[in-house]
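Down below is the structure, laid out as structure tokens.
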Amino acid sequence: MIGTGCEWPATYVVVADINKDGQMDIVTACNNILGEVGIQLGNGDGTFRASTSFSTGDGSNPIWLDTGDFNGDGNLDIVVSLNGLTGDRSVEVLLGDGNGFFGGYKRFSAGQDDPPWPLVVGDFDNDRQLDIAIGKYHAPQIIVLRGYGNGSFGPPIVNEQGSIIFASWIDAVDINNDGYLDVIVTNVGLGNVAVLLGKGDGTFKPSMTFPTGYNSGPLSGAIEDFNGDGVLDIAVLNYMTANVGVLLGYGNGTFGPQMIFPFSFDSSSLTIAAADFNRDGRMDIVVTTQSTTIILCILINTCECCEREFFNMSKATHQ
């Protein structure tokens, strides 16, 4: 097992080459009153150095994060969403030096009332500077903070989206191939996936929703081409119904009906990810769950001629 260095449970993890040595490192949001981000530099052999923590401020409770070069110096920086005990509803940027060290933080308003999570980094206004798109768990909004390219961000651009509430996961990709970044959100309380097509100016068209089933609880997702047709699809983890749903994309921002692939352990599942685990050129799916043990459930993609099936589900348990 790899320790996170967090005093309390980690709430979100990303993988990136923080110190530019060609090895992947781990960045962790430590959701605690101390306010910390943990960094574990990779050795390149599957092991990691001891965790180093960087403060996000006392009582800040970092809950989500992403990485990007926000000031144009060629080094990865970190943006963190805060769920602070003081009611702080900001995001925070920690600038990296390219060696694994992060300097003092700067905070930027992400609107009122609701914690600013989930979030994702991307260029949403086509000015070649990284921006931040933020979901609100209880508010029907997507917030965009426009980046200035110097490590600072503008005031919140509020995109009111009535069909988005209880956002639990967000990602950004050009889903309809028009040159503008779009946003994909899972709505855990509404049982659907929302697609917001970007206009290229930091705003979005009204969202389109695609159902994942009554009381399904789509908690997280992964965007890949699962059927080999060159078009991006969406896989969602439906934690209330203990299955993976795959929605095949049409390339225009819309998706077909959900195909369901059950897995064999309980509904305490946490995250989903996609990768080619058996090196056959097809994207597979892994689901994780955690109780006293961590269970990885892998669905191997056996798609032939763009058929639908995932087979050969395997399970590994780690103490």
If you take the residues of the range 125-149 that are modelled with pLDDT of 95 or more, assigned to a loop (DSSP other than H, G, I, E, B) and in contact with a Phe, Trp or Tyr (Cβ under 8 Å, 6 or more places away or on another chain), which of them is farthest from VAL183 (Cα to Cα)? GLY149
Could you say which residue among THR47, THR86, THR4, THR28 is among the hydroxyl-bearing types (Ser, Thr, Tyr), crowded, with 22+ Cβ neighbours inside 10 Å and either touching a helix residue (DSSP H, G or I) at 6+ places or on another chain (Cβ under 7 Å) or modelled with pLDDT under 95 (or both)? THR28
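For the range 126-138, how many residues are out of contact with any Lys or Arg (no Cβ under 6 Å at 6 or more places or on another chain) and crowded, with 20+ Cβ neighbours inside 10 Å? Give the derivation first.
Initial filter on the range 126-138 (out of contact with any Lys or Arg (no Cβ under 6 Å at 6 or more places or on another chain)): 126-130, 132-138.
If we keep only those that are crowded, with 20+ Cβ neighbours inside 10 Å too, we end up with 130, 132-136.
Number satisfying all stated conditions: 6.
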Looking at (1) surrounded by fewer than 20 Cβ atoms within 10 Å (Cβ to Cβ); (2) not in a loop (DSSP other than H, G, I, E, B), which is the only condition GLY98 fails? (2)
Contact list please: Cβ distance under 7 Å, first residue in the range 73-92 and in a loop (DSSP other than H, G, I, E, B), second residue of a type in the set (Asp, Glu) and at pLDDT 95 or above, pairs at least six apart or on different chains. ASN75/ASP69; ASN75/ASP97; LEU76/ASP69
Here's a check for you: in the range 201-249, which residue that is polar (S, T, N, Q) and assigned to a strand (DSSP E or B) is nearest to the chain's Cα centre (by Cα)? SER220
Just to check your reading of the model, which residue among GLY74, GLY68, GLY22 is at pLDDT 95 or above and under 18 Å from the mean Cα position of the chain (by Cα)? GLY68
Looking at the range 185-201 only, could you name the residues that are crowded, with 22+ Cβ neighbours inside 10 Å and at pLDDT 95 or above? VAL185, THR186, ASN192, VAL193, ALA194, VAL195, LEU196, GLY198
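Looking at the range 149-165, which of the residues that are in contact (Cβ under 8 Å) with a residue 12 or more places away in the chain and small (Gly, Ala, Ser) is nearest to GLY217 (Cα to Cα)? Steps first, answer last, please.
So the first thing to find is which residues in the range 149-165 are in contact (Cβ under 8 Å) with a residue 12 or more places away in the chain, and the list is 149-153, 155-165.
Narrowing further to those that are small (Gly, Ala, Ser): 149, 151-152, 162-163.
On the way: GLY149: 37, GLY151: 36, SER152: 35, GLY162: 18, SER163: 15 Å.
Ranking the qualifying residues of the range 149-165, first place goes to SER163.
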How many residues does the range 221-241 contain that are touching a Ser or Thr at 6+ places or on another chain (Cβ under 8 Å) and either more than 18 Å from GLY189 (Cα to Cα) or surrounded by fewer than 23 Cβ atoms within 10 Å (Cβ to Cβ) (or both)? 2
Failed item, numbered, when SER60 is tested on (1) without any contact (Cβ under 8 Å) to a residue 40 or more places away in the chain; (2) surrounded by 15 or more Cβ atoms within 10 Å (Cβ to Cβ); (3) within 23 Å of GLN129 (Cβ to Cβ): (3)
Give me the pairs, please: first residue somewhere in the range 265-278 and under 18 Å from TYR12 (Cβ atoms), second residue anywhere and assigned to a loop (DSSP other than H, G, I, E, B) and modelled with pLDDT of 75 or more, beta-carbon distance under 8 Å, and either six or more positions apart or on two chains. SER268/TYR239; SER269/TYR239; SER269/ALA242; SER269/PHE263; LEU270/TYR239; ALA274/PHE226; ALA274/MET283
Of residues in the range 101-124 being in a loop (DSSP other than H, G, I, E, B) and surrounded by fewer than 18 Cβ atoms within 10 Å (Cβ to Cβ), the one modelled with the highest pLDDT: PHE101
With the requirement that a residue be in contact with a strand residue (DSSP E or B) (Cβ under 9 Å, 6 or more places away or on another chain), within 20 Å of ALA139 (Cα to Cα) and hydroxyl-bearing (Ser, Thr, Tyr), what does the range 73-122 give you? SER81, SER90, SER109
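The values are calculated or read from the model by the stated rules, or taken from the named source; none is laboratory data. As the structure is a prediction and not an experimental result, all values here were calculated from the model. All Cβ positions, glycine included, derive from the backbone under ideal geometry; neighbour counts span all protein chains shown.
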